[in-house]
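See structure below.
What follows draws every value from the coordinates through simple rules; no lab data is involved. Small disclaimer: the values here were computed from a predicted structure and weren't measured. Using ideal geometry, Cβ is built from the backbone for each residue, glycine included, and neighbour counts are taken over all protein chains shown.
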Amino acid sequence: MSVIRNNWTKEEILEIYNKPLMELLYEAATVHRKFHDPNTVQVSTLLSIKTGGCPEDCGYCPQAARYHTDIEGNDLMSVQQVKAQALRAKSSGSSRVCMGAAWRNVKDGPEFDQVLEMVRTINKLDMEVCCTLGMVTENQAKRLAEAGLYAYNHNLDTSEEYYKEVISTRGYEDRLETIENVRKTNVTVCSGGIIGMGESTEDRAGMLVALSTLSPQPESVPINALVAVEGTPMEDEKPVEIWEMIRMVATTRIVMPETQVRLSAGRTEMSREGQAMCFFAGANSIFAGDKLLTTPNPDVNEDMEMFKTLGLNPQKPFIKISQPKTVEAKDSEYQSLGEKPRWTRPDHTIERNELAKEKSKLATKE
Ligand code: SAM
Ligand code: DTB
Ligand code: SF4
């Protein structure tokens with residue numbers, strides 16, 4: 001039985017990533033079978049509970065207010081709307097709902113209280129609840145845990161070095177600190193990244209070093225292929241080749257044997273054969289539903305057909321960790337502290353982000 005290693009080096013990871021493909025696939029599939037049932041895939045549904053208008057400058061993101069994209073922004077959804085969507089997701093075979101908000105960080109107040117109520121409501125539907133709300137403090141993470149949150153998603157996105165070329169409004173250390181805050185609770189950590197943003201293979205390996213040396217390693221690692229959205233600084237990035245996705249998934253599986261590796265954004269561009277190779281290489285989770293947060297995703301029925309063709313079964317909820325208990329707001333042990341945490345704001349200049357902002361200003365004037 002291999003042991004989980006928290007001391008992977010970039011050189012070792014690069015060596016794995018660059019192996020002849022058949023060797024890489026065989027090694028990854030062998031690790032996968034030791035730790036997981038290869039015919040079970042976890043299915044998560046994404047729900048954008050607050051869309052667009054985000055103050056950050058993430059170069060890949062269509063929800064950043066400073067870029068001129070086509071998406072329709074929305075205020076925070078109501079608890080009832082979220083419940084209806086969660087029920088739909090459950091009936092179509094999802095065991096988890098991941099609620100995303102276009103926020104830089106969580107702010108104490110009525111909107112966060114409403115999100116806590118959404119967490120309670122979905123947990124009571126016996127589904128795993130995940131949130132991705134930006135940076136969180138320890139107290140906020142504890143309040144989410146108490147409401148019944150199962151997972152918190154906060155991606156490292158890329159290597160520490162390349163992160164500076166992607167985002168200037170917050171630092172890598174803020175990302176790591178948020179993950180540490182989540183780790184102070186029983187909520188599981190979901191953290192991964194994006195390939196296809198112009199990063200090098202070394203950056204991909206660097207991100208896997210950062211994730212695999214976390215102790216414990218994240219319980220789930222989403223691997224996204226960039227969805228290049230018009231108006232964002234990355235609109236002209238070339239699509240990721242399926243071989244790169246397969247290599248990234250396989251390498252992630254080898255260095256993080258126990259984690260659920262999620263085939264995330266970019267599936268609309270992948271053939272069934274390509275996705276099948278990713279599952280063989282160790283991917284055992286997907287985002288399902290016609291939409292990711294703002295961009296398209298394969299149709300649920302098509303995904304279920306693919307599962308049938310490949311003999312895959314959706315994973316039941318709470319397999320690895322038991323269902324958290326929900327504490328009602330009136331019985332809460334924690335208070336809203338009204339914190340004003342000082343997350344960093346490096347504010348260095350990223351040329352392509354600045355150009356996209358300028359272009360957006362011109363487009364708005366027209
Ligand atoms: N605002 C919160 C945050 O940034 O932490 C949560 C939502 S944010 C949209 C969640 C993640 O989605 C990002 O960290 C990024 O990895 C992924 N993402 C966003 N836009 C993407 C795109 N165009 N292509 C692929 N992944 C993307
Ligand atoms: C993750 O790693 N990928 C998801 C989820 N976590 C929140 C988001 C993908 C977003 C793709 C672009 C969009 O639809 O806006
Ligand atoms: Fe905002 Fe998150 Fe998009 Fe960055 S990734 S612009 S923080 S919604």
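What the table shows:
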{"read-out": "Backbone HN-Hα couplings from phi across the stretch 322-330 [Karplus 6.51/-1.76/1.60, Hz, Gly and Pro as x]", "value": "6, 4, x, 7, 9, 9, 6, 3, 5"}
{"read-out": "Violating pairs (Cα-Cα greater than 19 angstrom) within the set Lys142/Lys330; Lys83/Lys291; Lys34/Lys184; Lys83/Lys124; Lys291/Lys320", "value": "Lys34/Lys184; Lys291/Lys320"}
{"read-out": "Packing-based exposure ordering (other Cβ within 10 Å, fewest first) of Thr349, Thr252, Thr268", "value": "Thr349, Thr268, Thr252"}
{"read-out": "Gaussian network model of the chain, Cα within-10 Å springs - most flexible of Met22, Met277, Met77", "value": "Met22"}
{"read-out": "Nearest-20 debye value, the chain charge dipole, Cβ charges on Lys, Arg, Asp, Glu", "value": "1020"}
{"read-out": "Computed label-point distance, nm, for sites Lys308 and Asp37 using a 7 Å Cα→Cβ extension", "value": "2.0"}
{"read-out": "From phi via Karplus (6.51, -1.76, 1.60), per-residue ³J(HN,Hα) for the stretch 138-147 in Hz, x at Gly/Pro", "value": "4, 5, 5, 5, 5, 5, 5, 4, 5, 6"}
{"read-out": "Label zone at Arg345 (point 7 Å along Cα-to-Cβ), backbone N below 13 Å, the stretch 151-175", "value": "168-171"}
{"read-out": "Dipole moment magnitude, nearest 20 debye, the stretch 100-259 about Cα centre, only Lys, Arg, Asp, Glu C-beta charged", "value": "480"}
{"read-out": "The stretch 10-318 - share of DSSP beta bridges that are antiparallel (%, nearest 5)", "value": "5"}
{"read-out": "Globularity ratio of the stretch 83-182, using Cα Rg and 2.2 N^0.38 Å", "value": "1.15"}
{"read-out": "Those GluC sites (Glu not before Pro) in the stretch 202-238 that DSSP places in a loop and that have at most 11 other beta carbons within 10 Å", "value": "Glu230"}
{"read-out": "Cysteines in the chain lacking a second Cys C-beta under 4.7 Å", "value": "Cys54, Cys131, Cys190, Cys278"}
{"read-out": "Candidate lysines - alpha carbon under 27 Å from Lys365, same-chain residues fewer than 8 apart omitted", "value": "Lys50, Lys357"}
{"read-out": "Rounded Å value of the spacing that divides the Cα centres of the stretch 141-182 and the stretch 10-45", "value": "25"}
{"read-out": "At R0 = 25 Å, FRET efficiency that the Cβ-Cβ distance of Glu12 and Glu244 yields, to 0.05", "value": "0.85"}
{"read-out": "The stretch 213-263, relative contact order in percent, only Cα pairs under 8 angstrom and at least six apart counted", "value": "53"}
{"read-out": "Helix-only CD estimate at 222 nm, as mean residue ellipticity for the chain, using -39500 (n - 2.57) per DSSP H run (n ≥ 4)", "value": "-11500 deg cm²/dmol"}
{"read-out": "Sparsely packed GluC sites (Glu not before Pro) within the stretch 23-132, loop by DSSP, other Cβ within 10 Å at most 13", "value": "Glu72"}
{"read-out": "√(5λ) per eigenvalue of the Cα gyration tensor, the stretch 10-318, largest first, Å", "value": "27, 22, 19"}
{"read-out": "Relative contact order for the stretch 10-318, counting Cα pairs under 8 Å that sit 6 or more residues apart, in percent", "value": "25"}
{"read-out": "Computed over the stretch 223-366, Cα set: Rg, Dmax in Å", "value": "20.5, 55"}
